[in-house]
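Written below as structure tokens is the structure these notes are about.
The values are calculated or read from the model by the stated rules, or taken from the named source; none is laboratory data. Since we're looking at a predicted model, the values are computed, not measured. Don't worry about glycine lacking a Cβ; one is built from the backbone with ideal geometry, like all the others, and counts go over all protein chains shown.
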Amino acid sequence: MSTLTGTWTLTRFTLRRDRFLLPLWIILIGLVPVALAPGISEIWPDQAARDNGAQLVNHTPAFTALMGKVHDPSLGGLVAWRGSLVPLILAMITAVTLIRHTRTDEEVGRRELLGANVMGRHAQLAAAVIVTAAASLVIGGLVAAGMIGENEAVTGSILLGAQYAAAGLVFAGVAAVCAQLTTGAGAARGIFFIVLGAGYLFRMTADLNSSLSWLRWATPVGWLEALEPYAANRWEVLALLIGTFVVLVGVAFALQSRRDIEAGILPTRLGRSTAPRSLSNSLGLAWRIQRAALLGWAIGFALMGALLGSMVHGIKQTIESSPVIRDMMTAMGGSDVLTDAFVASMLGILGLVASGYGIQAIGKLRSEETRLHAEQTLATSVSRWSWMGSHLLFGMIGSVVVLAAGGVAFGLTYGLAIDDLAAGVRDSAAGWLIQIPAVWVLSGFAMLLFGLIPKLLGLAWVALAMCLVCGQLGAALRLPQWALNLSPFTHLPQLPGNPMTWQPVLWLTGIAAVITVVGAIGLRRRDLG
Amino acid sequence: MFTIMEQAITTENLTKRFGPTHALDGLDLAVSTGEVHGFLGPNGAGKSTTIRILLGLLRADSGHVSLLGGDPWHDAVSLHRRLAYVPGDVNLWPSLSGGEVIDLLGRLRGGLDPRRRDSLLERFDLDPRKKGRTYSKGNRQKVALVAALASDVELLLLDEPTAGLDPLMEAVFRECINEERDRGRTVLLSSHILSEVEALCDRVSIIRAGRIVESGTLAQLRHLTRTSIHCEVSGPVDDLAGLPGVHDLEQEGDRIACEVDTAQLNEVLTKLVAAGVTSLVSQPPTLEELFMRHYSDDITGTTS
């Protein structure tokens, strides 16, 4: 029996399991570039405006930090730049999908059930790779066809499509390796996000600091940017990406051959024979369940905040070093205004991402329920209130801790750069503190769903994605104001740089409190398990 | 406050629906204090649903439940200090060691006896240092059993607790349950392993399709079963087939084989003895037979 026997059957089975999800994200991601084009045409209608726009972007660290540089001031080049986060979102989706179909199945014992049939050792991994790779290629095709349809250069459009597809492929390869390392799917996802996050930070550093531009070559995230569709059209980088995908899949197969089913390559250690005193109540248990994620997020946020904070001072210098840009900036309100706007928008992003922590912390309640851990906990004298409250604490206070780790680190590196630590910390504090009510609304929404319709808890992530779209792409996609208003983040005052308004803070906090309590009451009244 | 209740568990006309399926359909269960009560039924009969209602995890649609004198939905926290539960499908936290889970569950219940914990670990031959994700099914089961048996509680709710245990460990489990009985604890043992129930239980309730179809002591239930008789007689037996309680009669010359309702056994034997018995083999009724009778009714019920 070949190690690939059964791959085709499992591929069809995987497609069957994802028959709703897969087409949904293929279409959503595949259509983003075409959807971005009209907005860009509106802001920058002619070539002169596009040239100016590109120059502005390339001299505005906030933009280059987030999305890299504009390599070509054509419509296609601007779409490639504006949507440059989207291939990374695709990378996350393919990775999560691949891990779900491999390590998650193995962790819960489904792999064993399948493996006892006529199925080769590598069949499941191969099927998952085939499905995610095919989806990435379809997305690439949609992107290329869409841009050619917009009358953009054919070569550039094909390479833009290839950029999307390669992002899906190469990070599916990374995920395939991650899935071999640990026994738990959560830990495999954690390793993947560290690799992707580090890659993004490398790319960001390379774009902001020309002496460190070699860092771009340390990560596939940098390679994706180096493809430069519509500009240099570097096909050899595409070959590098595809070659890496092939090597990574080969490594994953080799690792899988060297390990036992349900085991990981990384060793598992023996634990303690008795419980420490801290593990005596529901809060102690919640801490054990939540602590690894909290710590990981806090460290990630501190690194991200430190990096973003260190860039603030560079903006002023960049602006003031070029007379053309200085004039342009003066017309827009001067470099102080732009510094404040940069700080506010960076901290706004920290706020959005911190809501992701809040949602996943509350999601632990659901996974405790579906894995029947809650059944055992609640069969003891732990009340539903205290079980839920222990985890809710992480959703509400934990997300503030994560945000604070990022915000304070931001303030410290900013303060160091301007030789005034106190001022740096103080100026940025308003920017991250103001995010808290909006973060709470999203955590509260997750709680509401968990209490009332737990099967739809995934909608909380949809809501977060919607806030991300409103905040980062809303203007470019020309969304109407009522749609932008659905995001709690839209209502926050932009701090620093604008006057503080308390009304939205009170409203959002009130809404968060009400939906959290409604969710909690719903949980008290519903069946569990 | 804690008066000695005669009934540890009573349910009256309990119903629970999940969408279109009636998981429980008028369930009346009574478990007396201090007894080991067997809760028998095929898969999907409603055993786990009943136990989850008794734990206050599910809310009954209608009917009345009383557990240790309280309402499991409203008084869950105070009642749970007095009981321990072993689920049929034990899922441990993957990153917690077995020892940590045992201590945690014990502490959440209000404390456990460390000496008893250690002796149970030894008897069940369980390494408490391994992480939850590395235990086999049987070992996960042992973790939950040790946690429950080491707790100082009045009532044990055990949902198919021996499903993953090997025969050696099953013997240890039986010893432990007999000790619990001697200490005056009440045990509700859900199972479909009939030999286990026969060996351990004082009383048995059989559940089918969400209702209790038989309930009583083993002796009472045996009374409802049939004894199989094979014998040879020296003289003629008249009208054996006409007697009430005789089934599947096969008569070939002087050899007779039949199934006799245990209640009618004396009458049938009297007839046979009158004819002169030269050899007799009789097989005692088993719980399995009773169980199979109810179970096969179920099968014919669904096919007709």
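Quick look at the numbers
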{"read-out": "Condition check for B:VAL90: within 11 Å of chain A (Cβ to nearest Cβ), within 27 Å of B:ALA209 (Cα to Cα) and of a type outside the set (Ser, Thr, Tyr)", "value": "yes"}
{"read-out": "Some residue of region A:506-524 being among the hydrophobic types (A, V, I, L, M, F, W, C), farther than 30 Å from A:GLU368 by Cα and part of a helix (DSSP H, G or I)", "value": "yes"}
{"read-out": "Of residues in region A:243-277 being among the charged types (D, E, K, R) and surrounded by 13 or more Cβ atoms within 10 Å (Cβ to Cβ), the one nearest to the other protein chains (Cβ to nearest Cβ)", "value": "A:ARG272"}
{"read-out": "Selection from region B:105-142 of residues that are within 7 Å of chain A (Cβ to nearest Cβ) and hydrophobic (A, V, I, L, M, F, W, C)", "value": "B:LEU105, B:LEU108"}
{"read-out": "Wholly enclosed helices (runs of 4 or more DSSP H) of region A:41-101 bearing at least 3 residues surrounded by fewer than 20 Cβ atoms within 10 Å (Cβ to Cβ) and more than 18 Å from the chain's Cα centre (by Cα)", "value": "A:47-58"}
{"read-out": "Wholly enclosed helices (runs of 4 or more DSSP H) of region A:396-488 bearing at least 1 residues within 22 Å of A:TRP297 (Cβ to Cβ)", "value": "A:399-417, A:421-433, A:436-452, A:459-468"}
{"read-out": "Selection within region B:260-304 - part of a strand (DSSP E or B) and either modelled with pLDDT under 85 or in contact with a helix residue (DSSP H, G or I) (Cβ under 6 Å, 6 or more places away or on another chain) (or both)", "value": "B:VAL260, B:ASP261, B:GLN283"}
{"read-out": "Count of residues meeting criterion [of a type outside the set (Ser, Thr, Tyr) and over 18 Å from the mean Cα position of the chain (by Cα)] in region A:174-211", "value": "10"}
{"read-out": "Lone qualifier among A:ARG384, A:ARG371 - being under 28 Å from B:ASP103 (Cβ atoms), within 26 Å of the chain's Cα centre (by Cα) and of a type outside the set (Val, Ile, Thr)", "value": "A:ARG371"}
{"read-out": "Residue check, A:GLY199 modelled with pLDDT under 95 and either of a type outside the set (Lys, Arg) or buried (at least 19 other Cβ atoms within 10 Å of the Cβ) (or both)", "value": "yes"}
{"read-out": "Residue in region A:258-277 that is closer than 30 Å to A:ALA126 by Cβ, of a type in the set (S, T, N, Q) and touching a residue at least 24 places away in the same chain (Cβ under 8 Å) present", "value": "yes"}
{"read-out": "Matching entry among B:LEU54, B:LEU96, B:LEU92 (being farther than 30 Å from A:GLU262 by Cβ and buried (at least 23 other Cβ atoms within 10 Å of the Cβ))", "value": "B:LEU54"}
{"read-out": "Test: A:LEU392 is in a helix (DSSP H, G or I), modelled with pLDDT of 95 or more and closer than 30 Å to B:PRO72 by Cβ", "value": "yes"}
{"read-out": "Test: residue in region B:94-101 that is free of Cβ contacts under 8 Å to residues at least 12 places away in the same chain, out of contact with any Phe, Trp or Tyr (no Cβ under 9 Å at 6 or more places or on another chain) and either among the hydroxyl-bearing types (Ser, Thr, Tyr) or at the interface with chain A (Cβ under 10 Å from one of its Cβ atoms) (or both)", "value": "no"}
{"read-out": "Sole residue being surrounded by fewer than 19 Cβ atoms within 10 Å (Cβ to Cβ) and either assigned to a loop (DSSP other than H, G, I, E, B) or touching a residue at least 60 places away in the same chain (Cβ under 8 Å) (or both), chosen from A:LEU4, A:LEU10, A:LEU22", "value": "A:LEU4"}
{"read-out": "Residue check, A:TRP217 farther than 30 Å from A:GLN290 by Cβ, free of Cβ contacts under 8 Å to residues at least 40 places away in the same chain and hydrophobic (A, V, I, L, M, F, W, C)", "value": "yes"}
{"read-out": "Search result, residues across region B:62-80 that are surrounded by 18 or more Cβ atoms within 10 Å (Cβ to Cβ), over 20 Å from B:PRO161 (Cα atoms) and within 8 Å of chain A (Cβ to nearest Cβ)", "value": "B:ALA76"}
{"read-out": "Residue identified as away from chain B (no Cβ under 13 Å), over 22 Å from A:ALA175 (Cβ atoms) and either in a loop (DSSP other than H, G, I, E, B) or among the hydroxyl-bearing types (Ser, Thr, Tyr) (or both) among A:GLU228, A:GLU236", "value": "A:GLU228"}
{"read-out": "Scope region A:278-296; condition within 24 Å of B:GLY110 (Cβ to Cβ) and at the interface with chain B (Cβ under 9 Å from one of its Cβ atoms); matching residues", "value": "A:LEU279, A:SER280, A:ASN281, A:SER282, A:GLY284, A:LEU285, A:ARG288, A:ILE289"}
{"read-out": "Tally, over region A:362-403, of residues that are facing another protein chain (nearest Cβ under 8 Å) and among the β-branched types (Val, Ile, Thr)", "value": "3"}
{"read-out": "Test result for A:ILE436, under 30 Å from B:ALA148 (Cα atoms) and modelled with pLDDT of 95 or more", "value": "no"}
{"read-out": "Lone unmet requirement of (1) within 19 Å of B:GLY46 (Cα to Cα); (2) in contact (Cβ under 8 Å) with a residue 60 or more places away in the chain for B:ASP202", "value": "(1)"}
{"read-out": "Count of region A:383-433 residues which are surrounded by 24 or more Cβ atoms within 10 Å (Cβ to Cβ) and β-branched (Val, Ile, Thr)", "value": "1"}
{"read-out": "Residue identified as without any contact (Cβ under 8 Å) to a residue 24 or more places away in the chain and farther than 19 Å from A:GLY184 by Cβ among A:ASN151, A:ASN117", "value": "A:ASN151"}
{"read-out": "Sole residue being in contact with an Asp or Glu (Cβ under 6 Å, 6 or more places away or on another chain) and of a type in the set (A, V, I, L, M), chosen from A:ALA252, A:ALA263, A:ALA275", "value": "A:ALA275"}
